[in-house]
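The values are calculated or read from the model by the stated rules, or taken from the named source; none is laboratory data. Being a predicted model, the structure only gives us computed values, none of them experimental. Neighbour counts run over all protein chains shown; Cβ positions are idealised from the backbone, glycine included.
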Amino acid sequence: MEEAVQHSSPREACGVFGIYAPGRNVAPIVFDGLYALQHRGQESAGMAVTDGSTMMVVKDMGLVTQVFNEYKLASLIGHLAVGHTRYSTTGSSTWHNAQPAYRQVGGAEFAVGHNGNLTNTDELAGALGMLPGMATSDSDLIAELVAREIGNTPSLVDALVRVLPLMKGAFSLVLASRGHLVGVRDPNGFRPLCLGKLDDGWVLASETPALDIAGAHFLREVGPGEVLVVGPEGCESFHPWPPERVEPKLCLFEFVYLARPDSRLYGQEVHAARARMGELLAEQAPVPADMVVGVPDSGMPAAEGYSRRSGIPYGHGLVKNRYIGRTFINPDPRQRALGVRRKLNPLRDAIAGKRLVVVDDSIVRGTTTRAMVAMLREAGTREVHLRISSPPYRWPCFYGLDTGTRAELLAANLQVGEICDYLGADSLAYLSLDSLKRATGVPGAGFCDACLTGDYPVAIPSNLSKSVLEHPGVGGGGGGGGPKQAVPAPPLDAGQQARSMQGTLGG
């Protein structure tokens, strides 16, 4: 997937991790779990650890290995923790917005990590009477909502039951009080969250590889609209939303690009799904060529599938600098602009004079792909046939990815032939939406494809923007730039918003 400022690719969601393991010191396990989720966000990292009596929070800007070292980990003592890696969607990339978000209310304290993006942030902040700057990210707003409710309820869980039905949009959460670990997935399940079992405890994580590195056995995915509470009582499940409000809509781009290839979603291995995307793409858009090349790393599985189905030899035409990482995650446009030259370099002897099928997973803005095509031409490639293992990316995401406005999206403004001319390729073809869903192995499981179709499962306010909480108009209509039309969200029956949980699982 492309990666630079004007580059054509979605930027990451966040990664969340939680663990409850009595008798163990879990900070090193959280470190490993966050390291396994580093691909989901590279701006900041943090964790909150408690021993049951006090809670310590360490968070900072940078990668997991930059934020934590053996000395910091040694100071974080406790058996219960949550951790987070961040890419900013609502709220700028600053230390204040690093997570977990922490609150202390009376004698209680808790921390929360959030993957996703609320769509009614402005409305919630206004209802609380918050002034600009009191909360500068939707994740901080969630913490504030829960903190204010804790004073009226006997526990963190009871506060959550009151707050969760008020929230709209995408949110997979991990929360830690002094006594319990809590996992939450919004009723559409936009962002992944899974549950694993240790011999002596439980683990929650955005993706299954984080369970593997923690030594946890994968049990299942947390269901859309489900709340899991882990503590001395075991693992209990609750559903605060009415059944009619629950409709699975996992982000389809988790399969295309966001998730690690060794992750499992809807019971399917992501790598195998991406290879099937390439196979179906070869059937849908064949072309005479000498070699199939994948754009490292995200285009490689689909390229292998394309080669296998087409019979065209698979080869390596581009080398990736492994130390660059996912440069597009960096929110500074000037730093991202140099990403393609820093990250990719052609194998000139392998591609000179050849007709290439170049497979990538998506094009969003197009700048990186255009630079890559020019680089291949300079290296002597005779023909460049671009094949993209997803449909044209035409609409911005408001559920946890930062893709910019529709005006910035290449396919929103140009037809396929025009895109091909702009990129400088000899031909261009995209995988159809039906084929993409079929490639997942679970086409009817329920997906959000709003970025491809403009069909938003939850309504998007016209004032929604990344900086909605940082503008003077917060609580009264500040911000800017959602789509002009959106599908209304299903109405919530206030009488069914939450099941009573009085007196259970104190925080």
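Observations on the structure shown:
- Criterion: assigned to a helix (DSSP H, G or I) and in the same structural domain as residue 356 (by TED's automatic domain parsing) - qualifying residue of 303, 289: 303
- Test for residue 36: is it farther than 24 Å from residue 178 by Cα, modelled with pLDDT of 95 or more and within 15 Å of the chain's Cα centre (by Cα): yes
- Residue satisfying all of: in segment 146-205; in contact with a helix residue (DSSP H, G or I) (Cβ under 6 Å, 6 or more places away or on another chain) and hydroxyl-bearing (Ser, Thr, Tyr); nearest to residue 401 (Cα to Cα) among these: 177
Conditions (1) acidic (Asp, Glu); (2) in the same structural domain as residue 195 (by TED's automatic domain parsing); (3) touching a helix residue (DSSP H, G or I) at 6+ places or on another chain (Cβ under 7 Å), marked per residue:
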residue	(1), (2), (3)
214	no, yes, yes
223	no, yes, no
232	no, yes, no
262	yes, no, yes
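- Per the listing 445, 425, the residue uniquely at pLDDT 95 or above and either closer than 30 Å to residue 349 by Cα or out of contact with any Pro (no Cβ under 9 Å at 6 or more places or on another chain) (or both) is 425.
- Summed over segment 281-312, residues that are crowded, with 17+ Cβ neighbours inside 10 Å and under 27 Å from the mean Cα position of the chain (by Cα) total 14.
- Residue satisfying condition, being touching an Asp or Glu at 6+ places or on another chain (Cβ under 9 Å), farther than 30 Å from residue 458 by Cα and modelled with pLDDT of 90 or more, within set 370, 382: 382
- Scanning segment 400-421 for residues that are at pLDDT 95 or above and either within 18 Å of the chain's Cα centre (by Cα) or of a type in the set (Asp, Glu) (or both) yields 418, 421.
- In segment 43-59, the residues that are exposed (fewer than 14 other Cβ atoms within 10 Å of the Cβ) and either in contact with a helix residue (DSSP H, G or I) (Cβ under 9 Å, 6 or more places away or on another chain) or on the phi > 0 side of the Ramachandran plot (or both): 52
- Some residue of segment 137-151 being in the same structural domain as residue 48 (by TED's automatic domain parsing), within 19 Å of residue 234 (Cβ to Cβ) and out of contact with any Phe, Trp or Tyr (no Cβ under 6 Å at 6 or more places or on another chain): no
- Against the test of being without any contact (Cβ under 8 Å) to a residue 60 or more places away in the chain, closer than 20 Å to residue 254 by Cβ and of a type outside the set (A, V, I, L, M, F, W, C), the options 454, 444, 380, 400 yield a single qualifying residue, 444.
- Any chance residue 6 is more than 18 Å from the chain's Cα centre (by Cα), of a type outside the set (Gly, Ala, Ser), modelled with pLDDT under 95 and in a strand (DSSP E or B): no
- Of the helices (runs of 4 or more DSSP H) lying entirely inside segment 54-128, those containing at least 1 residues that are touching an Asp or Glu at 6+ places or on another chain (Cβ under 8 Å), touching a residue at least 24 places away in the same chain (Cβ under 8 Å) and closer than 30 Å to residue 459 by Cβ are 121-127.
- Only one of 191, 185 that is over 16 Å from residue 237 (Cα atoms), crowded, with 21+ Cβ neighbours inside 10 Å, of a type in the set (D, E, K, R) and in contact with a Lys or Arg (Cβ under 9 Å, 6 or more places away or on another chain): 191
- Single residue of 278, 315 found to be over 20 Å from the mean Cα position of the chain (by Cα), outside the structural domain of residue 208 (by TED's automatic domain parsing), surrounded by fewer than 18 Cβ atoms within 10 Å (Cβ to Cβ) and modelled with pLDDT of 95 or more: 315
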